[in-house]
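Written below as structure tokens is the structure these notes are about.
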Amino acid sequence: MNRDSMIPVVGVLTKVTRETGDVNTYRVEKPGGGKLFEHMPGQCAFLSVPGLGEAIFSITSSPTNQEFMEFSIKRTGRITDFLDEGMEPGQEIAVRGPFGNHFPVEDKLKGRDLLFIGGGIGMAPLRSVVNYLLDHRADYGNIDVVYGARSREDFVKYDELTEDWPNRPGVQVHLTIDRPQEGWTGHVGFVPAFLRDLAFTSDKTVCLCGPPIMIKLCLEALTDMGFRKDQVYTTLELRMKCGIGKCGRCNIGKKYVCKDGPVFTCDELDDMPDEY
Amino acid sequence: MQKIEDLMRAKAAAVLADGAADCVLAWKRGIFPYDHAPALFRRGDDLADLVYDVFCPANLAKYLLATSRAGERAAVFLKPCDTYGVNQLLKDHRVVRDRILAIGTPCGGMVDVKKLRGAGCGTILAVKDRGDVLTVTTAKGPVTVAKGEVLLRKCLACKGNAYQIADDEIGTPRGTPPAPADRYAEVRTLEGLSPDERFAFWRQELSKCIRCNTCRDVCPACTCEQCVFDHPGSGVDGKAYVDTSQEALFHIIRAFHVAGRCTGCGECGRVCPQGIRLDLLNHKFAKDIDAFFGPCQPGADADSPAPQSTFRFEDPEPEAVTRQDDRRDRHA
Amino acid sequence: MLKLELRHLGALLDALAGQGKVYAPFRQGGRTDFAWYDGTAGRDAAALDLEHHTARAPKDVLFPQVEDLLRFRQQGKKLGLEAAPLPTESVVAFGVRGCDTAGFAILDKVFLQDPADLYYRARRDSLTVLGLACGELEETCFCRTFGLDPAAPGGDVDLWLAGGALYWQARTDKGRRLTEALGAAVPFTDAADTTADTAAGAAADAVPPAVAAQRDAVHASYDRLPLAELRFDDRLYHHEREAFRSPVWESLAATCLTCRTCTYVCPTCHCFDVRDEKTAPGTTERYRCWDSCMDRDFTQMPHGNPRKGKTERFRQRYLHKLVYFPEDHGGTYACTGCGRCLQACPVSLNIVKVEQALAADLGAVGAAPDGKGGAQ
């Protein structure tokens, strides 16, 4: 990283896809086409709304995608509200990244059977990993994806989940929604209980991302099922301003989530003060 | 002084033991002769550290916000000037009366450590209070200083030794520092300047601000749940000044906001790490409110109508404040 | 070592100004603080104050309270972006005490650690530090707790005020370059010339008797300070978990105002915010500015705050200095014993009180382990 660690580059928004009632996927390219910068699955980047500031988001698209980057973003505050209401294709946007570590697709995940567990917008960073693996299919074992949302309308990238991934060899997608819904024939119930029902063997490596309470309960379920905490990778989300471990916001114990994370194993989290 | 301290410890022990209070707000001995910190004592805490002498300037009234909110009944030791703050918090409906056990605590004036250093006490190792003088042990030997020379500025504007609210009292009231002939003498001096000179004075003072927020955080009249200057949606939030109008904005808005509620406790002037004369700004407002809408001494009681929110037919029009002649007439 | 009569201080300031912007301690309105020697009224050789300690650390010289990063220009859907130029102008910091050069070293660990902050690095590279040995100490001084020596400031050039003169010793290449560049503009004399005991080849680094005497006097007065024997308990950073869970935080934080005084006077506090300011239609300036972990907004997220209240924020500030930073930097505390927070805190809370309370609470944990074995 060089001087540009604090200085964004200018990209152009080429497509905005409404995924759910409050989630959009923003596609960003170089003004002349192509990707703004390379990244790895799980890494993050800041998007700027001049006048309001920057916020950091995980990069949802796979590194193997050479045409563009995607960010799936939920409305939660001033910047994300503006992205939703004030941005349209053709608009230029400042992007700063990539920051942080990534899921260990180059070593620890290689050759393993993998279990992805996502809840709500938490699927965003996992999507980058899954698509990366699918583009390097031979290097990895079976892939199970368990994804829970409030309702059928709250799944992000529903088409990919139902029409793309399940048709790939060795990939199973297990969807669940919180409450029964007309026309829904799939599973109903929260993710942690669904996990127990699915009774996965504990030899898998797990990538887990979702709201804090879901992570906590899923981890309990996984432990009961025989998984060790060092088999489970998750990502943390904290307020960040610099992305390079200087500004102090994402400091937890001796770690800085922006550079030492956002990806941690759950046993690493156990060693950190409980402030995330 | 020893005696008051003993009485305070006994009182604190008694109210904690008999359940009259859940906690006691007092001052705790520091590592130097002068750095006593406000502290919350609870049942089981060692009261030997409870201290009271000329280095207890902090006004404990504001901590009642937290104890009152937590539903705790707090016994609080209050110097006469601190009692104004409690009344004002009550009048502003920021604390609950039943949750306060106000204990009047005599004060003969508090000492300014910076002035002590300035009076030839470079490295302060020990201080003995001998009434009118302090004997200070410094690295270079003993120094005797007249207490009147090193009192905090806020004590030079002392409002007297009467408690405005007290459920209980400790000891007997002390002789206070000589009442100032005119509490607003410095304000009058500023008023005598031309508008350009005044502007230059305040520009110079406020340009020193580093926006640490200490004046706000210590102020018993600043009790908003979230200050507008911290609120990301307010449009005026900020952590540093990007241009010179912003520092003036912060302090002037704050002065307007506490106008009519500022008791003149002088804590803002005491705590400013940059030495800005914020007390003068607030005193100017207090003086004008007293003159035009008064008589008004915020905190003198907990229930009289607040001048800023009570209309009277005889109230002057706002421009009266800017008319020098008008003002001079009233003070003639 | 060189020597300069004090009556030439004005000439020295002017000569330094010829080498770069000069940042020096001036006394104004009864207090001393670093400020730019830029012709502003009241900042002249007469107001130069090499005796009193400054109320604030000189960290602005490397890490300004407000620093421009870039400017956005929006026009329709186009977005222009101009990065602020790197601050490469030469700067001389004059009269920096040992606790504050140590503060610079701690900021270096943060900002120069990979990936380096290039704005900071540009300022660091263009800064020459003229260190100043302490004369009068304050009772709040405790630099020796961290192995520092108040008589050895550790700048590029070290200065001593002794025997009515200023002694000047270049210690680094930067310091030697500056000394050479000043040349004849400053009427230095060779301090060795004035000493009698230069028989052994008149070594350039021989210590003149006046300097030696001043150094001994400072060491002797340090020994008499209330905090002279203060040691921070190394067990703290071997017991992060116990320190984090200690019950002391609740009672210590109860009377903290969570203002930013301690943060802003501190030589090592370095948290910052990045903010945008719309300065004209279509124009936004982005800058960074000092921030404090004591601030409620600091870790506020849309869905909540991982640090729920004042106690947690207070704990973060002190654990960062006493535990997290030493864990990450080989036992170096993020404190240099300058004592400013001891003097500035409006309610007399400070790092020494916190360290002592925490160490007392952890007393039951046991002696410092060799590694982290005891942390379970």
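What the table shows:
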quantity: Within region C:314-357, considering residues that are within 11 Å of chain B (Cβ to nearest Cβ) and not in a helix (DSSP H, G or I), the one nearest to B:Arg270 (Cα to Cα); calculated: C:Pro346
quantity: Given (1) part of a loop (DSSP other than H, G, I, E, B); (2) among the β-branched types (Val, Ile, Thr); (3) over 27 Å from B:Thr244 (Cα atoms), index of the condition C:Thr311 fails; calculated: (1)
quantity: Qualifying residues in region C:56-96 (those that are assigned to a helix (DSSP H, G or I) and charged (D, E, K, R)) - the one nearest to the other protein chains (Cβ to nearest Cβ); calculated: C:Asp60
quantity: Some residue of region B:292-302 being outside the structural domain of B:Ala58 (by TED's automatic domain parsing), aliphatic (A, V, I, L, M) and within 30 Å of C:Glu277 (Cβ to Cβ); calculated: no
quantity: Strands (runs of 3 or more DSSP E) wholly inside region B:1-106 containing at least 3 residues that are under 30 Å from B:Cys296 (Cβ atoms); calculated: B:74-78, B:100-104
quantity: Meets criteria (over 20 Å from C:Gly339 (Cα atoms) and more than 8 Å from every other protein chain (Cβ to nearest Cβ)) for C:Lys308; calculated: yes
quantity: 1 or more residues in the same structural domain as A:Gly119 (by TED's automatic domain parsing): qualifying helices (runs of 4 or more DSSP H) within region A:189-276; calculated: A:191-198, A:212-224
quantity: C:Thr263 being within 11 Å of chain A (Cβ to nearest Cβ), surrounded by 16 or more Cβ atoms within 10 Å (Cβ to Cβ), touching a residue at least 12 places away in the same chain (Cβ under 8 Å) and among the polar types (S, T, N, Q); calculated: yes
quantity: Residue check for A:Val232: among the β-branched types (Val, Ile, Thr), closer than 30 Å to C:Phe325 by Cα, crowded, with 23+ Cβ neighbours inside 10 Å and within 14 Å of chain C (Cβ to nearest Cβ); calculated: no
quantity: Failed condition for C:Phe272, given (1) more than 30 Å from B:Lys62 (Cα to Cα); (2) facing another protein chain (nearest Cβ under 7 Å); calculated: (1)
quantity: Search result, residues across region B:238-272 that are at the interface with chain C (Cβ under 9 Å from one of its Cβ atoms) and modelled with pLDDT of 90 or more; calculated: B:Glu267, B:Arg270, B:Val271, B:Cys272
quantity: Counted residues, region B:69-121 - those being closer than 26 Å to B:Ala306 by Cα and hydroxyl-bearing (Ser, Thr, Tyr); calculated: 2
quantity: Extreme residue, surrounded by the fewest Cβ atoms within 10 Å (Cβ to Cβ), among residues of region A:52-111 that are aromatic (Phe, Trp, Tyr) and either over 24 Å from C:Glu277 (Cα atoms) or within 11 Å of chain C (Cβ to nearest Cβ) (or both); calculated: A:Phe68
quantity: In region C:123-161, the residues that are in a helix (DSSP H, G or I) and either within 14 Å of chain B (Cβ to nearest Cβ) or within 30 Å of B:Thr137 (Cβ to Cβ) (or both); calculated: C:Cys143, C:Arg144, C:Thr145, C:Phe146
quantity: Test: B:Pro57 is within 30 Å of B:Ile124 (Cα to Cα), in contact (Cβ under 8 Å) with a residue 40 or more places away in the chain and surrounded by fewer than 24 Cβ atoms within 10 Å (Cβ to Cβ); calculated: no
quantity: Selection status of C:Arg121, within 29 Å of C:Thr284 (Cα to Cα), out of contact with any Asp or Glu (no Cβ under 7 Å at 6 or more places or on another chain) and among the basic types (Lys, Arg); calculated: yes
quantity: Unmet criterion (only one of (1) of a type in the set (D, E, K, R); (2) crowded, with 21+ Cβ neighbours inside 10 Å; (3) assigned to a loop (DSSP other than H, G, I, E, B)) for C:Arg286; calculated: (3)
quantity: Residue check, B:Arg198 under 20 Å from B:Leu278 (Cβ atoms) and touching a residue at least 12 places away in the same chain (Cβ under 8 Å); calculated: no
quantity: Filter pass, C:Leu79 being of a type outside the set (Val, Ile, Thr) and either at pLDDT below 95 or more than 25 Å from C:Leu137 (Cα to Cα) (or both); calculated: yes
quantity: Residue check, C:Pro115 free of Cβ contacts under 8 Å to residues at least 12 places away in the same chain and more than 10 Å from every other protein chain (Cβ to nearest Cβ); calculated: no
quantity: C:Cys99 vs. criteria at pLDDT 95 or above and assigned to a loop (DSSP other than H, G, I, E, B); calculated: no
quantity: Region C:30-44, subset surrounded by 11 or more Cβ atoms within 10 Å (Cβ to Cβ) and either over 23 Å from the mean Cα position of the chain (by Cα) or of a type in the set (Asp, Glu) (or both), residue farthest from the other protein chains (Cβ to nearest Cβ); calculated: C:Asp44
quantity: Pair list, Cβ under 6 Å, 6 or more apart: region C:10-34 residue within 13 Å of C:Leu50 (Cα to Cα), other residue assigned to a helix (DSSP H, G or I); calculated: C:Tyr23/C:Val61; C:Phe34/C:Pro58
quantity: Single match in A:Val12, A:Val23, A:Val28 (criterion: surrounded by 20 or more Cβ atoms within 10 Å (Cβ to Cβ), hydrophobic (A, V, I, L, M, F, W, C) and touching a Leu at 6+ places or on another chain (Cβ under 7 Å)); calculated: A:Val28
quantity: Out of A:Thr185, A:Thr265, sole residue that is surrounded by fewer than 24 Cβ atoms within 10 Å (Cβ to Cβ), touching a helix residue (DSSP H, G or I) at 6+ places or on another chain (Cβ under 6 Å), β-branched (Val, Ile, Thr) and more than 14 Å from chain C (Cβ to nearest Cβ); calculated: A:Thr265
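The values are calculated or read from the model by the stated rules, or taken from the named source; none is laboratory data. Bear in mind that the values here come from a model prediction, so they are computed numbers and not experimental data. For neighbour counting, all protein chains shown are included, and Cβ atoms are generated from backbone atoms with ideal geometry for every residue, glycine included.
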